[in-house]
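Working notes, beginning with the structure itself.
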Amino acid sequence: MDTSQVEVPLDLIRLSLDEKVYVKCKGDRELTGKLHAFDQHLNMVLEAVEETVKTTYVDETDGEERVKRTKRTMEMLFVRGDSVILVSPPVRTHQS
Amino acid sequence: MSGSTAKRNPSDFLKQVLGRPVVVKLNNGTDYRGTLACLDGYMNIAMEQTEEYVDGKLKAKYGDAFLRGNNVLYICAQKTVKK
């Protein structure tokens, strides 16, 4: 992405309008969806959202801690800004 | 005082590190390493070529990343390689 026109951090979000974005939220939640709107609080409206929730649990068989990922999809979602940690265009490489 | 001239404040430091490699630590302990693109009065941060470290392990990479200011614990300037 061309970041030459980014002068304040919120410009980066503005450039992602109508694009797919990745949002990392508090409570080990991750969202990907098309960014419809946002404001200075980072309240956001996302369309065609996939939410991934990570929960840790103790495996009964060996007593080890495991991470479970629960996914769900939503047509349209309003995200309250105070739960947002990070926003990024989703061109990224994830490592486990 | 070591280094430069008289009165310096945190804003001067932040202006100085713009465009430089930094480590940003969040309140939840996560580290982000990358180039500081810009920041505002809320300490919202835009970074480039960002790497996410959880417990010291690289977890993800982002081309561009926006960090919401309320999560920021500190911004640490990395030493640049002398040419």
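One residue stands out among those in the range B:31-42 that are within 7 Å of chain A (Cβ to nearest Cβ) and assigned to a strand (DSSP E or B): the one that is least open to solvent (accessible area, probe 1.4 Å), which is B:Cys38. For the range B:43-83, the set of residues classified as of a type in the set (A, V, I, L, M, F, W, C) and not in a strand (DSSP E or B) consists of B:Met43, B:Val81, listed by residue number. The set of residues in the range B:43-68 that are over 14 Å from A:Ser88 (Cβ atoms) and either of a type in the set (Phe, Trp, Tyr) or open to solvent by less than 10 Å² (accessible area, probe 1.4 Å) (or both) contains only B:Tyr53.
Scan (1) modelled with pLDDT under 95; (2) more than 14 Å from chain B (Cβ to nearest Cβ); (3) open to solvent by 60 Å² or more (accessible area, probe 1.4 Å) for the single condition A:Gly63 breaks and write down its number. Single failed check for A:Gly63: (3). Total residues in the range B:70-83 satisfying the condition of being open to solvent by 40 Å² or more (accessible area, probe 1.4 Å) and more than 9 Å from chain A (Cβ to nearest Cβ): the figure is 9. Of all residues in the range B:55-69, none are at negative phi, more than 9 Å from chain A (Cβ to nearest Cβ) and not acidic (Asp, Glu).
Residues of the range A:25-34 include at least one that is farther than 21 Å from B:Val54 by Cβ and either surrounded by 12 or more Cβ atoms within 10 Å (Cβ to Cβ) or within 12 Å of chain B (Cβ to nearest Cβ) (or both).
Matching residues to (1) in contact with a Gly (Cβ under 7 Å, 6 or more places away or on another chain); (2) assigned to a strand (DSSP E or B):
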{"residue": "A:Leu35", "(1), (2)": "no, yes"}
{"residue": "A:Gln40", "(1), (2)": "no, no"}
{"residue": "A:Val49", "(1), (2)": "yes, yes"}
{"residue": "A:Glu60", "(1), (2)": "no, no"}
{"residue": "A:Thr73", "(1), (2)": "no, yes"}
{"residue": "A:Met76", "(1), (2)": "no, yes"}
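The values are calculated or read from the model by the stated rules, or taken from the named source; none is laboratory data. The structure presented is a predicted model; accordingly, all values stated were derived computationally and were not measured. Every residue, glycine as well, gets a Cβ built from its backbone with ideal geometry; the counts of neighbours run over all protein chains shown. Surface areas here come from the heavy atoms of the whole protein model, side chains and all, with no ligands, DNA or RNA. Shrake-Rupley method; radii C 1.70, N 1.55, O 1.52, S 1.80 Å.
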